[in-house]
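Comments concern the structure below.
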């Protein structure tokens, strides 16, 4: 994870936490490797059983502990290993994204997407897009824990 | 119906319910220890029903007090209390057949802090209500204020004036204004991100983590709140502003699709944090995306316990598009 | 309506600002709190009692005790060195000053002293202003204080409009008065503008204590606490409540141990690691609050743990009024 201690340092790279579902997106990231798709090394992947398992705590905790961006990816609608975990999660995600941006977390720090197990190229493209956007925003400060 | 007639009817019905054994307990309001205060009260004896009152200061949401009590309970409920009851029934926290709702129409509750502000904190020794005005004795002199000017923030934008579920209706139906929409939310959303952040951080800075907002909330009933968890500790308990903000963000998310906007949290807050600044965002989103207003219909499932295949998805990243449209933000 | 402070007061504040950091009631976001001021204009003496008590100055809501680095080097942050020069707490009500006197006995006196408290307290000079009116929530006299109580104050002022009379009470007060050329008015000369307002009848505290001690196991606590929602408003607003917790937190390579306010009204206050809680319900927790204030504090420190400022009365979300509770114990029957 990024320390973000000196954002002015040239070559600063964002730290992005990626929550990937076990059945599709995590395998998608594997496919990206197997398929030799290049993507930035800014993501730190955390494997979760299902997009539906992702509590808002996970995402907020990532920001609290210094993540500059968070990416959440699950199975495409209809592909969920648990039938509808991703669809239940989708409702939560739209609210979470809206609330965090309402409170001043810049648009472009929190991303949701679907990546299937075979979409290695898509995963690389997602990480590429997210990294570019977060890099442009610079280090996150809104929720970062700091002692006073 | 005159306020005094409402009080009389509430007392009579409560006494009948207790005397006949239909309920074991009546939860209502009694006169508080000073003017402009009404306190929750628990009456289990028909003789005790004379304590019950009804006035402009019954702001606490009594739905908060039903959980965890045995026996059949009657509750003197205004519209937002019944909306909370509906949600609690939906979440299997309360059983409809174990409760008797004595429903009272509501014209909005008065914010006693606002009255104190207007009267310059001169000791208020008396308060009466007549024709939509508050007749106060402040610092020894009479002061008359229109109720409309000192209504609680949540009551000003409330469009549900009559109980949603009701077994015993007291008083005439109150006229209900048009649903006022979410103008406040949209205005706030139109501000630049940096300014929104500054304003919300200023609100959160006042929070002293006393948990009054959470504890007074009818919908906050987790046996162990995430904020009290130590392993893992989700939010810090110290003075870190990110943790304070996260506490309120997660609380707002937990209440999304469940918050009945009774405003009890804002009234309970000792430092006057505008909690609606977060909760209203969620109410607006839940209404716009899922067409749901909490507490209005017992038969409609809670929006976050279900889904629709056609739920909005344009907030999500399509790498081919290169960006999301930022829907809702 | 409350009258604005007289010229005597504002002149005095200007003089204080030249010799010390001054903390006074100020208006922040429509409520009055104690904070540092840079000019006399900022002081909101006439804006009614401060929503939060001044205890934050000597006993902050969150205070870092120590810090270290997880990297094993010296990059961890050192503890806050605390205030340097003299600080003046100006314009407190005598009840709030009296609460500081209680904190002194608990955290700053006797065999066990609290170095963090003392560090902040030693540099603090307390100047109170005698009350000329009482609010419907005031009950200082019930707890043994009064609108002109001098306990806890280094200097007690009487606002006489164009000037103010000062009672200089302590050595610290003498020192500060010397710095700003404030003269002591012999106590007998203190002529309040109008009679001191009554702030509730004086209660028989010894009798209250006796009856409380007798009622520890009484069922009445269950009924009293029925409406209690278990929040910390009463204890966090209280100028005399002083319970705390010590927490360890860590982020980005820095570990911090802090002391934070805690409340006997929270279940976690007494919950043990096994899950057992000796104060399992609101009844026991509310009883603790009343007993601590009106029995244990009197026993240990010779004064009640309540000064009658009325903040808990005013801000309790469910109007659980401690005056009503204590009065019920002092009622005719002896038992509530």
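The values are calculated or read from the model by the stated rules, or taken from the named source; none is laboratory data. Just so it is clear, the model here is predicted, and its values are computed rather than measured. Positions of Cβ are backbone-derived with ideal geometry, glycine not excepted, and every protein chain shown enters the neighbour counts.
Results, tabulated for the structure shown:
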read-out	value
Those residues of region B:144-184 which are over 30 Å from residue B:275 (Cα atoms) and either modelled with pLDDT under 90 or part of a loop (DSSP other than H, G, I, E, B) (or both), in sequence order	B:167, B:170, B:171, B:172
Selection count, region C:220-271, where residues are farther than 29 Å from residue C:329 by Cβ and within 7 Å of another protein chain (Cβ to nearest Cβ)	8
Condition met for residue C:274 (out of contact with any strand residue (DSSP E or B) (no Cβ under 7 Å at 6 or more places or on another chain), farther than 25 Å from residue C:99 by Cβ and either at the interface with another protein chain (Cβ under 8 Å from one of its Cβ atoms) or free of Cβ contacts under 8 Å to residues at least 24 places away in the same chain (or both))	yes
Candidate set: region B:124-150, residues that are under 19 Å from residue C:48 (Cα atoms) and out of contact with any strand residue (DSSP E or B) (no Cβ under 7 Å at 6 or more places or on another chain); chosen: the one surrounded by the fewest Cβ atoms within 10 Å (Cβ to Cβ)	B:140
Residue under evaluation residue B:214, criteria (1) within 17 Å of residue A:141 (Cβ to Cβ); (2) surrounded by 20 or more Cβ atoms within 10 Å (Cβ to Cβ), criterion not met	(1)
Positions within region C:239-263 being crowded, with 20+ Cβ neighbours inside 10 Å and out of contact with any strand residue (DSSP E or B) (no Cβ under 7 Å at 6 or more places or on another chain), in sequence order	C:239, C:240, C:241, C:242, C:263
Single residue of region B:267-292 satisfying the filter (under 14 Å from the mean Cα position of the chain (by Cα) and assigned to a loop (DSSP other than H, G, I, E, B)) that is farthest from the other protein chains (Cβ to nearest Cβ)	B:275
Criterion: more than 14 Å from residue B:43 (Cα to Cα), assigned to a strand (DSSP E or B) and in the same structural domain as residue B:25 (by TED's automatic domain parsing) - qualifying residue of B:86, B:75, B:101	B:101
Number of positions in region A:33-86 that are in contact with a strand residue (DSSP E or B) (Cβ under 6 Å, 6 or more places away or on another chain), assigned to a loop (DSSP other than H, G, I, E, B) and surrounded by fewer than 16 Cβ atoms within 10 Å (Cβ to Cβ)	1
Any pair with Cβ under 8 angstrom, 6 or more apart, that starts in region B:89-112 at a residue that is free of Cβ contacts under 8 Å to residues at least 24 places away in the same chain and ends at one that is surrounded by fewer than 23 Cβ atoms within 10 Å (Cβ to Cβ)	B:95/B:89
Residue selected from region B:296-329 under the condition closer than 16 Å to residue A:132 by Cα and within 7 Å of chain A (Cβ to nearest Cβ), by the criterion modelled with the highest pLDDT	B:317
Failed criterion for residue B:86 (all others in (1) under 24 Å from residue B:221 (Cα atoms); (2) under 19 Å from the mean Cα position of the chain (by Cα); (3) within 14 Å of chain C (Cβ to nearest Cβ) hold)	(3)
Residue that is nearest to residue C:153 (Cα to Cα) [pool: residues in region C:1-58 that are part of a loop (DSSP other than H, G, I, E, B) and more than 14 Å from chain B (Cβ to nearest Cβ)]	C:58
Among (1) surrounded by 16 or more Cβ atoms within 10 Å (Cβ to Cβ); (2) within 14 Å of chain C (Cβ to nearest Cβ); (3) at pLDDT below 95 - the single one residue B:230 does not satisfy	(1)
Residues satisfying the stated conditions in region A:63-73, i.e. touching a helix residue (DSSP H, G or I) at 6+ places or on another chain (Cβ under 9 Å) and facing chain B (nearest Cβ under 10 Å)	A:63, A:64, A:71, A:72, A:73
Selection from region C:99-120 of residues that are surrounded by 16 or more Cβ atoms within 10 Å (Cβ to Cβ) and not in a helix (DSSP H, G or I)	C:108, C:114
Region C:118-173, residues that are under 17 Å from residue C:23 (Cα atoms) and under 16 Å from the mean Cα position of the chain (by Cα)	C:120, C:121, C:124, C:125, C:126, C:127, C:128, C:129, C:152, C:153, C:154
Residues that are closer than 18 Å to residue A:144 by Cα, in contact (Cβ under 8 Å) with a residue 40 or more places away in the chain and assigned to a strand (DSSP E or B), drawn from region C:238-256	C:250, C:254, C:255, C:256
Of all residues making up region A:103-139, the number that are at pLDDT below 95 and surrounded by 23 or more Cβ atoms within 10 Å (Cβ to Cβ)	2
Qualifying residues in region B:194-211 (those that are within 11 Å of chain A (Cβ to nearest Cβ) and either surrounded by 17 or more Cβ atoms within 10 Å (Cβ to Cβ) or in contact (Cβ under 8 Å) with a residue 12 or more places away in the chain (or both)) - the one farthest from residue B:238 (Cα to Cα)	B:196
Residue identified as out of contact with any strand residue (DSSP E or B) (no Cβ under 6 Å at 6 or more places or on another chain) and either in contact (Cβ under 8 Å) with a residue 60 or more places away in the chain or within 26 Å of residue B:177 (Cα to Cα) (or both) among B:68, B:59	B:59
Search result, residues across region B:138-153 that are over 15 Å from residue B:116 (Cβ atoms) and touching a helix residue (DSSP H, G or I) at 6+ places or on another chain (Cβ under 8 Å)	B:153
Hits in region B:233-266 - residues which are assigned to a helix (DSSP H, G or I), more than 11 Å from chain C (Cβ to nearest Cβ) and within 18 Å of residue B:157 (Cβ to Cβ)	B:252, B:255
